[in-house]
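Beneath this line is the structure, given in structure tokens, with notes to follow.
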Amino acid sequence: MQQTRARDFTVAVRLMSEPCLWRWEIRDPAQGEVVANSWTSEWMAYESPDEAFRAGQARLTSISRR
């Protein structure tokens, strides 16, 4: 699992069991909540963990700018 932090959020990459693809999630560790998830929020999954991680970082950047 890859992770990075921006402000108080964490980007994590997880392997999904069905379908066998990777998804990112952005968590608020202070609240213990997932604030965004590529699969449930955007219906996107990725073939590699690196691809998912880059997409998660990009999404975190867009959230952080608000």
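Please tell me if residue 27 is in contact with a Phe, Trp or Tyr (Cβ under 7 Å, 6 or more places away or on another chain) and at pLDDT 90 or above. Let's see the steps before the verdict.
Values: in contact with a Phe, Trp or Tyr (Cβ under 7 Å, 6 or more places away or on another chain): yes; at pLDDT 90 or above: yes.
Taking the combined requirement at face value, the residue satisfies it.
The residues of segment 23-66 that are of a type in the set (D, E, K, R) and in contact with a helix residue (DSSP H, G or I) (Cβ under 6 Å, 6 or more places away or on another chain) amount to a single one, 23.
Note on segment 34-66: residues that are open to solvent by less than 60 Å² (accessible area, probe 1.4 Å), among the polar types (S, T, N, Q) and either at positive phi or over 11 Å from the mean Cα position of the chain (by Cα) (or both) amount to 3. Taking every residue in segment 17-30 that is hydroxyl-bearing (Ser, Thr, Tyr) and assigned to a loop (DSSP other than H, G, I, E, B) and pairing it with any residue that is open to solvent by less than 60 Å² (accessible area, probe 1.4 Å) and modelled with pLDDT under 85, at least 6 positions away or on another chain, yields no pair with a Cβ-Cβ distance below 8 Å.
The values are calculated or read from the model by the stated rules, or taken from the named source; none is laboratory data. Computed from a predicted structure; not experimentally measured. As a convention, Cβ positions derive from the backbone with ideal geometry for all residues, glycine included, and neighbour counts pool all protein chains shown. The protein model used for the area step is the full one, side chains on, heavy atoms only, and it has no ligands, DNA or RNA in it. Shrake-Rupley method; radii C 1.70, N 1.55, O 1.52, S 1.80 Å.
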